[in-house]
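**Q** Next up is a structure, given as structure tokens.
Any read-out appearing in this document is the output of simple, stated calculations on the displayed coordinates, not a laboratory observation. Computed from a prediction, not measured in an experiment: that's the story for all the values here. Here the Cβ is made from the backbone with ideal geometry for all residues, glycine too, and neighbour counts use every protein chain on show.
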Amino acid sequence: MDLSISNLDGASGETLNLDEAVFSAEFKESLIHQVVTAFMAGARSGTSAQKNRAAVRGGSKKPWRQKGTGRARAGTIRSPIFRGGGNIFPSATRSYEQKVNRKMYRGAMRSIVSELIRQDRLRVVDSVDLDAPKTRLLEKKLVSSGLADVLFVVSDELQNLELAARNLIKVDVVQASKLNPLNILQHENVVVVGAETMKKIEGALR
């Protein structure tokens, strides 16, 4: 398939030839949902932890003798019935990670990117030139191009663009190697900066 390369204002220029198998994939909502859910679950920390009686410090000495005191038998002051003792049913660290194989992940990414192209929400631009890392310069370009909620995908670090986008709501910059289904779906439009960046995405999703 052919996709035109334009500037940020929308004026078309050269044409980029792309793989039909990657950018004309069928939209599979259930697969996308499964992959996005797994991606978000993997970001959960699961660090809640408490100590049981074996993990609490101290308490190796028997607090009092077994018989003759009138008290109940006790083997350690770190028993759950004592203050400072371990928990009876402590929570433990856990992983929320869900298994998603590479074939499923790439299939979901192909489905998302293809649907964005069909809805005319993904465009490839030749460059985003900013004379300085100024938010107002980028904002002016976005207003003139009619973009508000946008994700810029770059192949290499573009310092002026990244610094200019930091203070704009719903505007993010991500490198093609770090592109994931969640940061794509969080934005209304995706702008791929440079034909080489689009080719990187194509190579990663084959």
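**Q** With labels modelled as points extended 7 Å from the Cα through the Cβ direction, what inter-label distance (nm, one decimal) is found for ARG206 paired with PHE82?
**A** In this crude spin-label approximation the distance works out to 6.7 nm.
**Q** Which residues in segment 126-155 have a backbone N closer than 20 Å to a point placed 7 Å from the Cα of GLU188 along the Cα-to-Cβ line?
**A** 136-153
**Q** Among bridges DSSP assigns within the chain, what percent are antiparallel (round to 5)? Can you show the working numbers first?
**A** Details: 4 of 19 bridges.
Just about 20 percent of them are antiparallel.
**Q** Here is a further query. Which FRET efficiency, nearest 0.05, do ASP9 and GLU139 yield, Cβ-Cβ r, R0 22 Å? Before the final figure, lay out each step's value.
**A** Details: r = 14 Å, r/R0 = 0.65.
With R0 = 22 Å, the Cβ-Cβ based efficiency is 0.95.
**Q** In addition: Let me confirm the definition first: pairs of Lys residues in the chain, 8 or more apart or on different chains, C-alpha distance under 21 Å. How many are there?
**A** Eligible lysine pairs with Cα atoms under 21 Å apart amount to 14.
**Q** How high is the FRET efficiency between LYS178 and GLN50 when r is their beta carbon distance and R₀ equals 35 Å, given to the nearest 0.05?
**A** With R0 = 35 Å, the Cβ-Cβ based efficiency is 0.50.
**Q** Follow-up. Taking only DSSP H segments of four or more residues, each worth -39500 (n - 2.57), what value at 222 nm results for the chain once the sum is divided by all its residues, to the nearest 500 deg cm²/dmol? Walk me through the intermediate numbers first.
**A** Numbers: 7 runs with 69 residues, N = 206.
Value at 222 nm, helices only, nearest 500: -10000 deg cm²/dmol.
**Q** What shape does segment 84-175 take by its C-alpha gyration tensor, where a ≥ b ≥ c are the square roots of the eigenvalues and a/c under 1.5 counts as rounded, a/b above b/c as prolate, and the rest as oblate?
**A** In terms of gyration-tensor shape, oblate.
**Q** Report the extension gain between ASP131 and LEU168 in nm, rounded to one decimal, defined as 0.36 nm multiplied by the number of residues separating them, less their alpha carbon distance. Intermediate values should be presented prior to the final figure.
**A** On the way: separation 37, 0.36 × 37 = 13.32 nm, distance 1.76 nm.
Gain in length upon complete extension: 11.6 nm.
**Q** Report the charge-dipole magnitude of segment 28-182 in Debye, nearest 20, computed about the Cα centre from +1 at each Lys and Arg Cβ and -1 at each Asp and Glu Cβ.
**A** For segment 28-182, the charge dipole is close to 2180 debye.
**Q** According to the Kirkwood expression over distinct Cα-Cα pairs, how big is the hydrodynamic radius of segment 49-92, in Å? Intermediate values should be presented prior to the final figure.
**A** Values: mean 1/r = 0.0901 Å⁻¹.
It is 11.1 Å.
**Q** When the gyration tensor of the chain is built from Cα positions, what are the square roots of 5 times its three eigenvalues, in whole Å, from largest to smallest?
**A** 57, 21, 12
**Q** Let me ask something else about it. At a threshold of 8 angstrom on Cα-Cα distance, excluding pairs fewer than six apart, so keeping six or more, what relative contact order does segment 1-112 reach in percent?
**A** 33 percent.
**Q** Using a basic spin-label model with each label point 7 Å from the Cα along Cα→Cβ, how many nm lie between ARG71 and GLU157?
**A** Placing both labels 7 Å beyond Cα along the Cβ direction yields 6.3 nm.
**Q** So, counting K/R as plus one and D/E as minus one, what does the shell of residues with Cβ under 15 Å around ASN7 add up to?
**A** Summing Lys/Arg as +1 and Asp/Glu as -1 gives -1.
**Q** Relative contact order, percent, of the chain when contacts are C-alpha pairs under 8 Å separated by at least 6 residues? Intermediate values should be presented prior to the final figure.
**A** Details: 332 pairs, mean separation 51.0, N = 206.
So the answer I get is 25 percent.
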